[in-house]
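Working notes for the structure below.
The values are calculated or read from the model by the stated rules, or taken from the named source; none is laboratory data. Please read all numbers here as calculations on a predicted model, not as lab measurements. Ideal geometry is used to build each Cβ from the backbone, glycine not excepted, and the neighbour counts take in all protein chains shown. For the accessible areas, the whole protein counts, side chains as well, though only heavy atoms, and no ligand, DNA or RNA atoms are used. Shrake-Rupley method; radii C 1.70, N 1.55, O 1.52, S 1.80 Å.
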Amino acid sequence: MNRVGETLRIFLAVTLPYFRSEERLRARLLLAAVAGAELGLVYVAVAVTQWNARFFNALEAKNWQAFQDELIVFCFIAMGAILAGMAQYYFGQTLQIRWRRWLTENYVSNWMAEGRHYKVRFIDTSIDNIHLRIASDVYLFIQRTLELGTGMLGSIVALLSFSYILWGLSATTPLPIFGVNLAFPGYLIVAALVYAAIGTLVAHWIGWRLIGFNFNQQRYESDFRFAIVRAADHSEPVALMRGEPVERAELGRRFANLVRNWTALVARQTKLTAFTAGYGHVSTLVPTLIVSPAYLTGAIPLGTLVASALAFQRVEAGFAFCISAYAKLAEWKAIMDRLYQMENAMSAVDARDVRAEGTIVVAQGQGPDLEVADLAVRLPSGAAIAQLPSLSVKPGERMLITGPSGAGKSSLFRALIGLWPPGEGRVTLPRDADVLVLPQRPYFPLGTLRQAIAYPTLGSKVTDEDVRDALTAVGLGHLGQRLDEDADWSVMLSGGEQQRVAFARALLRKPAVLLFDEPVSTLDDAAGRELYRTLLERLPQTIILSIDRRGVLRDFHGRTIEMAVVAPPPPRHHAGLAPVPA
């Protein structure tokens, strides 16, 4: 029972936000329309059952006029079924489209903001492939929810409607066995209930493991898709280094996990399918066998026999809904758990950001200076990787950060903008400051060259004149006529050109604080210094902190921070035991 309650709680947590959102009126109306169409289909099913009783009675009585009348009635029933089916499909698909759009936009805006997509890798390492959860799991969850929801609603309404019919048939249909009438009020309903209960218990015993298999299958599918896309995105270094054997081995390992779990899932699903198929076929015969003695003794006409069998099947199907939908229920539960796990991970990131203890506090001050106090950058394990006791930088000042690999220079940049929360200390940014971080390896979004140059600003927010001016200033003026060309610019541009693009982005953005990681690492010394001089001339009031291990840009900075590798803490020893000498 606790598991059912927990599943319901998770379902409401994932589902209710849309129906309480700004689209709630339209969403609720669409949901009501879907439910109404499903009720219409149930009404058609009831009408068909009653029609069968009249139709077969007319056949048995050889009543030609009643036979003709029932054919006309059937045409109206068929038209009702067509209209109800069309309405259910149209309103259901419209609800899926709108719900998926809202939920996807909500997840993307939450994930792709405040660095959560990056921070979550440190806060909760159990979360895998969030991007694929948003891309595929959202759609599957909505699809399965509506499919199972309408199926359950239809089963409940059909159960109530056909139970009423079956109760009436039980009163008029005897159960003669060995000359004794064993009928009792509602005996057909009891028989359907017992038959469905036995089937449900057996189906659950066979298929409960499908939930775990489906959860893992979604995970392994995502892992394989991620790996194969990553290999394609990095095809150049793989080809240059002849790394195909390593990539094949990793893809093979991930695909082997997928196939192994898939095989186990198929084996379990096969057993469930075999049972449900047999159960379904037997279900068409059981009600006829129960009622046939009354028909064979002449106690009831053929129409009553047919109606009783149809009503029994619908009541039994209502009780045994979980049998026919068990595989989909298992898949739905696994997908819902993945979405809820993702939501919890985003909440954990925000909770970590606001917790003072063990977290670097980054806030905006009242003045124009960048200040740091008692900063210690740590790994999630607690080990220190960078330390900066104090720092105060005024507008227009330039500071160089140097040190060996592993000294935590890049991690320091992440900490200064709040992207690396583990640690302690306080960072105070200038009031209303625009902070721009340019990593050592520039990132190029999909789209036009204009967007690639303007990034992280939207391409529509910059003018052609400003973009061309920035390109000319960094020595890429020849690209000025290709601003609207759509290409993979991370491949089209050389390493040196990509680094020049980073300078162009800084010139376009004109930030108050610029954190530049190895800005001239791929350029020769003379070109790097000339490019950096242009940056300083055009951004005279910008606070600039640059990482430069080679020292090429040392002369352009008024102050230098020499960072060193933080020594690990000494190992702990048990009381009374002397440390083992190295």
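Hand me the list of helices (runs of 4 or more DSSP H) wholly inside the range 191-298 holding 1 or more residues that are aromatic (Phe, Trp, Tyr).
Passing ranges, in order: 210-233, 244-296.
Can you give me the number of residues within the range 256-275 that are open to solvent by 40 Å² or more (accessible area, probe 1.4 Å), at pLDDT below 90 and touching a helix residue (DSSP H, G or I) at 6+ places or on another chain (Cβ under 7 Å)?
4
Evaluate the following for GLY5: is it in a helix (DSSP H, G or I), open to solvent by less than 50 Å² (accessible area, probe 1.4 Å) and free of Cβ contacts under 8 Å to residues at least 12 places away in the same chain?
Yes.
Taking VAL467 as the residue in question, decide whether it is open to solvent by 40 Å² or more (accessible area, probe 1.4 Å) and either in a helix (DSSP H, G or I) or not polar (S, T, N, Q) (or both).
No; evaluated as a whole, the condition is false for this residue.
What residue, of VAL286, VAL282, is open to solvent by 40 Å² or more (accessible area, probe 1.4 Å) and either in contact with a Phe, Trp or Tyr (Cβ under 8 Å, 6 or more places away or on another chain) or at pLDDT below 80 (or both)?
VAL282
Being at pLDDT 90 or above, under 30 Å from GLN366 (Cβ atoms), not in a strand (DSSP E or B) and not hydroxyl-bearing (Ser, Thr, Tyr) narrows it down to one residue among GLY418, GLY396; which is it?
Only one candidate passes the filter, namely GLY396.
How about the range 486-567: which helices (runs of 4 or more DSSP H) wholly inside it have at least 1 residues that are under 19 Å from VAL393 (Cα atoms), under 35 Å from the mean Cα position of the chain (by Cα) and of a type in the set (D, E, K, R)?
So the answer is none; nothing clears 1.
Which condition number does ARG431 fail, the rest of (1) surrounded by fewer than 18 Cβ atoms within 10 Å (Cβ to Cβ); (2) farther than 25 Å from SER546 by Cβ being met?
Going through (1) surrounded by fewer than 18 Cβ atoms within 10 Å (Cβ to Cβ); (2) farther than 25 Å from SER546 by Cβ one by one, ARG431 breaks only (2).
Given the conditions (1) in contact (Cβ under 8 Å) with a residue 24 or more places away in the chain; (2) within 21 Å of ARG509 (Cβ to Cβ), which single one is not true for GLU537?
Going through the list (1) in contact (Cβ under 8 Å) with a residue 24 or more places away in the chain; (2) within 21 Å of ARG509 (Cβ to Cβ), GLU537 breaks only (1).
Is it the case that GLU424 is under 22 Å from ARG116 (Cβ atoms), charged (D, E, K, R) and within 30 Å of the chain's Cα centre (by Cα)?
no
Would you confirm whether any residue within the range 361-373 is within 37 Å of the chain's Cα centre (by Cα) and either surrounded by 17 or more Cβ atoms within 10 Å (Cβ to Cβ) or aromatic (Phe, Trp, Tyr) (or both)?
So far as the range 361-373 goes, yes, one or more of its residues are within 37 Å of the chain's Cα centre (by Cα) and either surrounded by 17 or more Cβ atoms within 10 Å (Cβ to Cβ) or aromatic (Phe, Trp, Tyr) (or both).
On the given criteria, is PHE319 open to solvent by 30 Å² or more (accessible area, probe 1.4 Å), closer than 27 Å to ASN214 by Cβ, among the aromatic types (Phe, Trp, Tyr) and modelled with pLDDT under 75?
For PHE319, the condition - open to solvent by 30 Å² or more (accessible area, probe 1.4 Å), closer than 27 Å to ASN214 by Cβ, among the aromatic types (Phe, Trp, Tyr) and modelled with pLDDT under 75 - is met.
If you check LEU16, LEU25, which single one turns out to be within 25 Å of ASN344 (Cα to Cα), part of a helix (DSSP H, G or I) and free of Cβ contacts under 8 Å to residues at least 60 places away in the same chain?
Result of the check over LEU16, LEU25: LEU16.
Let's see how each residue does on (1) under 30 Å from ILE97 (Cβ atoms); (2) surrounded by 12 or more Cβ atoms within 10 Å (Cβ to Cβ):
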{"residue": "SER21", "(1), (2)": "yes, yes"}
{"residue": "ASN57", "(1), (2)": "no, yes"}
{"residue": "ASN63", "(1), (2)": "no, yes"}
{"residue": "ILE72", "(1), (2)": "no, no"}
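I'd like the residue in the range 90-119 that is without any contact (Cβ under 8 Å) to a residue 40 or more places away in the chain and assigned to a loop (DSSP other than H, G, I, E, B) and, out of all such residues, is least open to solvent (accessible area, probe 1.4 Å).
By that ranking, first place goes to ALA113.
Looking at the range 168-199, which of its residues are at pLDDT 75 or above and open to solvent by 40 Å² or more (accessible area, probe 1.4 Å)?
VAL190, LEU193, VAL194, TYR195, ALA197, ILE198 - these are the residues of the range 168-199 that are at pLDDT 75 or above and open to solvent by 40 Å² or more (accessible area, probe 1.4 Å).
For the range 220-239, how many residues are out of contact with any helix residue (DSSP H, G or I) (no Cβ under 8 Å at 6 or more places or on another chain) and not acidic (Asp, Glu)?
Qualifying residue count, the range 220-239: 7.
When the range 122-158 is examined, which residues are found to be in a helix (DSSP H, G or I) and at pLDDT below 75?
Scanning the range 122-158 gives PHE122, ILE123.
Out of ALA53, ALA87, ALA33, I need the residue that is under 23 Å from LEU305 (Cβ atoms), open to solvent by less than 50 Å² (accessible area, probe 1.4 Å), of a type in the set (A, V, I, L, M, F, W, C) and touching a residue at least 24 places away in the same chain (Cβ under 8 Å). Which one?
Checking each option against the conditions leaves just ALA53.
Restricting attention to the range 133-164, and to residues there that are open to solvent by 30 Å² or more (accessible area, probe 1.4 Å) and hydrophobic (A, V, I, L, M, F, W, C), which single residue is nearest to PHE91 (Cα to Cα)?
The selected residue is LEU153.
Taking the range 8-19, which residues are of a type outside the set (Phe, Trp, Tyr) and open to solvent by 20 Å² or more (accessible area, probe 1.4 Å)?
Result: LEU8, ARG9, LEU12, ALA13, LEU16, PRO17.
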